[in-house]
Amino acid sequence: MIDIRPIPAFDDNYIWLLTRDGYSGCAVVDPGDEDPVIERLQAEGLALDAILVTHKHGDHVGGIPGLKAVWPEAKVYGPAGEPIRTLEQRLHGGDRVELAGLGATFEVLDVPGHTEGHIAYFGEGALFCGDTLFAAGCGRVFSGTFEQLSDSLIRIGRLPPGTLVYCAHEYTLANLGFAAWVEPDNADLEARIVRDRRRREADEPTVPSTIAEELASNPFMRTDRDEVIAAASHWADTGLADRAAVFRALRSWKDKDYD
Ligand SMILES: [Zn+2]
């Protein structure tokens, strides 16, 4: 059983550290900055075996050269469909990543939309989804399309409900505020807001959540629900033909009017 802990970076990024009791190697996911990783690994006496990255943005890959300088043996995995020069193993959807030392295996999922070639890693009861799905929200559409991100979130929603969702940012309270605009009468959402506010007041991360929680209170995962469709249609001032259209309206609403 692997242990998964956050290494906070920048203002609100989480670099995920994967370790196993009694083993001196480790892996990290999306190291945008090398300094907090080097500091943590050296404090814990860990050597870096592997770096997994989800997409090309600098706050996810910027620490790779600095980490390779300290641990040249660390292998760098990432999406085949993105221009990341520091990758050593280019991954496609359906590929498997076996981290032998940690005793962990992950399946690669194609989850484009935030960027054109974004991938996620699924295994060991966990999903590392970068900037695709956030706790109570989702990434913006940068170099992918609204249709791609809508489809990626629908496919993520079909993973086992207990899967722990390790996204790359602590954006949860802001996301919950928008979710409450969309679904003011959602009791699961209300309970989540109370719980996650307490966590942040105690300086604890709100991540990971679970797939079940996201399906219950994340509007971007609920684009087939009557109340979400109605709210999105009202904002767009038009009927919305399918889930992708509902998603586009929600995402545009949040981008233009919320943050
Ligand atoms: Zn990003």
Exercise for review: Spot the failing condition for residue 185; the list is (1) more than 16 Å from the ligand (Cβ to nearest atom); (2) in contact with a His (Cβ under 8 Å, 6 or more places away or on another chain), and only one is missed.
Suggested key: (2)
Review point. Being modelled with pLDDT of 95 or more, over 20 Å from residue 207 (Cα atoms), within 13 Å of the ligand (Cβ to nearest atom) and open to solvent by less than 10 Å² (accessible area, probe 1.4 Å), is that true of even one residue in segment 122-145?
Key: no
**Study point:** Residues of segment 138-160 satisfying the condition of being of a type outside the set (Phe, Trp, Tyr), farther than 16 Å from residue 218 by Cα and not in a loop (DSSP other than H, G, I, E, B)
**Key:** 147, 148
Practice item. Name the residue, out of 66, 81, 93, that is more than 16 Å from the ligand (Cβ to nearest atom) and part of a loop (DSSP other than H, G, I, E, B). Key: 93
Point to revise | Pairs where the first residue, in segment 54-80, is more than 19 Å from residue 42 (Cα to Cα) and the second is within 13 Å of the ligand (Cβ to nearest atom) and open to solvent by 30 Å² or more (accessible area, probe 1.4 Å), C-beta under 7 Å, 6+ apart | key: 59/10
Review point. Of the numbered conditions (1) assigned to a helix (DSSP H, G or I); (2) touching a residue at least 40 places away in the same chain (Cβ under 8 Å), residue 207 satisfies every one except a single condition; which is it?
Key: (1)
Review point. Given the conditions (1) over 26 Å from residue 80 (Cα atoms); (2) open to solvent by 40 Å² or more (accessible area, probe 1.4 Å), and given that residue 170 satisfies all but one, which numbered condition is not satisfied?
Key: (2)
Check your understanding: Can you find even one residue in segment 109-116 that is within 16 Å of the ligand (Cβ to nearest atom), farther than 27 Å from residue 215 by Cα and crowded, with 18+ Cβ neighbours inside 10 Å?
Key -> no
Check your understanding: Which condition does residue 2 not pass, out of (1) surrounded by fewer than 22 Cβ atoms within 10 Å (Cβ to Cβ); (2) under 15 Å from residue 106 (Cβ atoms); (3) touching a Phe, Trp or Tyr at 6+ places or on another chain (Cβ under 6 Å), if it passes all the others?
Key -> (3)
Exercise for review: Kindly indicate whether residue 250 is open to solvent by less than 60 Å² (accessible area, probe 1.4 Å) and at pLDDT 95 or above.
Suggested key: yes
Practice item. Starting from residues that are within 22 Å of the chain's Cα centre (by Cα) and away from the ligand (no atom under 16 Å from the Cβ), keep the ones in segment 46-63 and report whichever is surrounded by the most Cβ atoms within 10 Å (Cβ to Cβ). Key: 51
Review point. Are there any pairs, at least 6 apart or on different chains, whose C-beta atoms fall under 6 Å, with the first in segment 136-153 and in contact (Cβ under 8 Å) with a residue 24 or more places away in the chain and the second open to solvent by 60 Å² or more (accessible area, probe 1.4 Å) and away from the ligand (no atom under 14 Å from the Cβ), and if so, which?
Key: 146/248; 150/243
**Study point:** When residues of segment 21-45 are limited to those that are touching a residue at least 40 places away in the same chain (Cβ under 8 Å) and more than 25 Å from residue 206 (Cβ to Cβ), the one least open to solvent (accessible area, probe 1.4 Å)
**Key:** 25
Study note, to complete from the structure: The condition from (1) touching a residue at least 40 places away in the same chain (Cβ under 8 Å); (2) assigned to a helix (DSSP H, G or I); (3) out of contact with any Phe, Trp or Tyr (no Cβ under 8 Å at 6 or more places or on another chain) that residue 216 misses is numbered (1)
Review point. Condition test on residue 40, is it away from the ligand (no atom under 16 Å from the Cβ), modelled with pLDDT of 95 or more and part of a loop (DSSP other than H, G, I, E, B)?
Key: no
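The values are calculated or read from the model by the stated rules, or taken from the named source; none is laboratory data. What you see is a predicted model, and the numbers here were worked out from it, not measured in a lab. Positions of Cβ are backbone-derived with ideal geometry, glycine not excepted, and every protein chain shown enters the neighbour counts. Heavy atoms of the whole protein, side chains included, go into the accessibility calculation; ligands, DNA and RNA do not. Shrake-Rupley method; radii C 1.70, N 1.55, O 1.52, S 1.80 Å.
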